[in-house]
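Novice: After the structure tokens below, expect a handful of questions from me.
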Amino acid sequence: MSARRWHGRILLGLSAIMVAGSVAMAPAASAEACGVGGADITDGVADSGRAVPGTPLRYEYENSPYVGVRRDDCAGTIKIYYGGYSGITHYNVRIGAAQRELAPRARGVVTESIRPGDHPSITVQACKRGGLFESSSCTRWSPTIII
């Protein structure tokens, strides 16, 4: 057999090995569920309150901040869009049973990690911190977003 023929067979064999290795190292089926561009996005909805235009849709009551939620299952995150108030010291956010404070932005966005299969409810309120030994003064809670 000529050297040229051996060279061709070696290249063909190496190509086959590379293809087999690529198939063995292909991403798991869960990555396919993420869709084109690696994103599986869902916007949250509320069963009460007034819808405020925007992306994602936001919801509010009279005398409450607005809240909207966008879930990205591929990234394992939710983005919470909140705001509508100025002259406050903070927002309170409840994600499921947990509560924490957010920065007092007129139009804020915060990203939180979530575990696969979690579907937390999210609500916010705007507050002005009280003085020494005084509690904060807060608005009513926003509509609850289910994601």
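Throughout, read-outs are computed from the coordinates displayed, never taken from laboratory work. It should be emphasised that the depicted structure is a prediction, and the values quoted were computed from it without experimental measurement. Here the Cβ positions follow ideal geometry from the backbone for every residue, glycine too, while neighbour counts run over all protein chains shown.
Novice: Quick one: if you stick a label point 7 Å off each Cα along the C-beta vector at I146 and R50, how many nm between them?
Specialist: Using points 7 Å along Cα→Cβ, the separation is 2.4 nm.
Novice: Grab the Cα-Cα distance for H119 and A106, subtract it from 0.36 nm times how many residues apart they are, and report the gain in nm with one decimal.
Specialist: Gain on stretching H119 to A106: 2.0 nm.
Novice: Another question about this same structure. So for the pair D43, Q99, with labels modelled 7 Å out along Cα→Cβ, what separation do we get in nm?
Specialist: Each label point is offset 7 Å from its Cα along the Cβ direction, giving 2.9 nm.
Novice: Among I122, T42, S135, whose Cα sits farthest toward the positive end of the charge dipole of the range 36-146 (+1 at Cβ of Lys/Arg, -1 at Cβ of Asp/Glu, about the Cα centre)?
Specialist: S135
Novice: Further question: If you count, for each residue, the other Cβ atoms within 10 Å and average over each peptide, how do 45-58, 129-142 line up from highest to lowest?
Specialist: Descending packing order for the listed peptides: 45-58, 129-142.
Novice: Considering amide H positions built from the backbone, and no H for Pro or chain starts, which residues 5 or more places from D40, or on another chain, come under 5 Å of its amide H?
Specialist: Here the answer is D73, C74, A75, since their amide H atoms fall under 5 Å of that of D40.
Novice: For the range 112-125, take each phi angle, set θ = phi - 60°, evaluate the Karplus expression 6.51 cos²θ - 1.76 cosθ + 1.60, and give the result in whole Hz per residue in order, putting x for glycine and proline.
Specialist: Per residue, the Karplus-derived 3J(HN,Hα) values read 10, 7, 9, 8, x, x, 6, 9, x, 9, 10, 8, 9, 9 Hz.
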